[in-house]
Amino acid sequence: NAGVTQTPKFQVLKTGQSMTLQCAQDMNHEYMSWYRQDPGMGLRLIHYSVGAGITDQGEVPNGYNVSRSTTEDFPLRLLSAAPSQTSVYFCASFDWSSGNTIYFGEGSWLTVV
Amino acid sequence: GIQVEQSPPDLILQEGANSTLRCNFSDSVNNLQWFHQNPWGQLINLFYIPSGTKQNGRLSATTVATERYSLLYISSSQTTDSGVYFCAVDREETSGSRLTFGEGTQLTVNP
């Protein structure tokens, strides 16, 4: 049981490049989310999903796309990277059956130059 | 959206001391959670506590929903307690996917 797995852990992008951050969970959780954390700040919600085929925007969705074709996977796509997207990205999964415990991945450190 | 304010922003303790961290929120919530982010960035869920009091070892938490605040107590602090403590809330009980986070309390426990 690996929990929530994020890849890559570290990435450097050039401005304008696109990339996908991968997130997978093996707990059969319905709810998954992507957050970003900037230095000295709390996490801010980018996009979330309440089940396969269902996604919605969070607080800071601009510049990001998501899809949820399976329960297990919730990739985050950066369409055209900008320096303002330099951040640490966390994927999380949750299910009511887990007693409201939210499980986070280990984070992906992204630098856009 | 809901505003979440945490205090103090920074706290430095000697090992063995006790501390209280506070979380104020601007609207009614049905989901409130406390998290610990260790110095390596890993986030761990400490408590799900939209109301009432819970205890887990040296940690305990109390939420007074009617007055819109929650407190996290750390007793007999250890160096491994160092890190950032976040409070996060949502209006809905089961939407653990849509939390609003405070900016955290940076705790440093010195030996």
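The values are calculated or read from the model by the stated rules, or taken from the named source; none is laboratory data. Note that this is a predicted model, so its numbers are computed, not measured. As a convention, Cβ positions derive from the backbone with ideal geometry for all residues, glycine included, and neighbour counts pool all protein chains shown. To get the accessible areas, we keep the full protein, side chains included, count just its heavy atoms, and leave off ligands, DNA and RNA. Shrake-Rupley method; radii C 1.70, N 1.55, O 1.52, S 1.80 Å.
Quick notes on this one:
- Residue in the range B:38-45 that is in contact with a Ser or Thr (Cβ under 7 Å, 6 or more places away or on another chain), touching a residue at least 12 places away in the same chain (Cβ under 8 Å) and not basic (K, R) present: yes
- Flag for B:E5 being open to solvent by 10 Å² or more (accessible area, probe 1.4 Å), assigned to a loop (DSSP other than H, G, I, E, B) and either touching a residue at least 12 places away in the same chain (Cβ under 8 Å) or not acidic (D, E) (or both): no
- Of the residues screened, A:Y31 is not one that is at pLDDT 95 or above and either buried (at least 19 other Cβ atoms within 10 Å of the Cβ) or within 10 Å of chain B (Cβ to nearest Cβ) (or both).
- Cβ pairs under 9 Å, 6+ apart, first in the range B:85-99 and over 18 Å from B:I44 (Cβ atoms), second at pLDDT below 85 and buried (at least 24 other Cβ atoms within 10 Å of the Cβ): B:D90/B:G96; B:D90/B:S97
- If you check A:R44, A:R36 for being assigned to a strand (DSSP E or B), open to solvent by less than 70 Å² (accessible area, probe 1.4 Å) and in contact with a helix residue (DSSP H, G or I) (Cβ under 9 Å, 6 or more places away or on another chain), only one passes: A:R36.
- Strands (runs of 3 or more DSSP E) wholly inside the range B:20-65 containing at least 3 residues that are buried (at least 17 other Cβ atoms within 10 Å of the Cβ): B:31-37, B:43-48, B:59-64
- The residue that is nearest to the chain's Cα centre (by Cα), among those in the range A:35-91 that are within 14 Å of another protein chain (Cβ to nearest Cβ), closer than 25 Å to B:P9 by Cα and of a type in the set (V, I, T), is A:I46.
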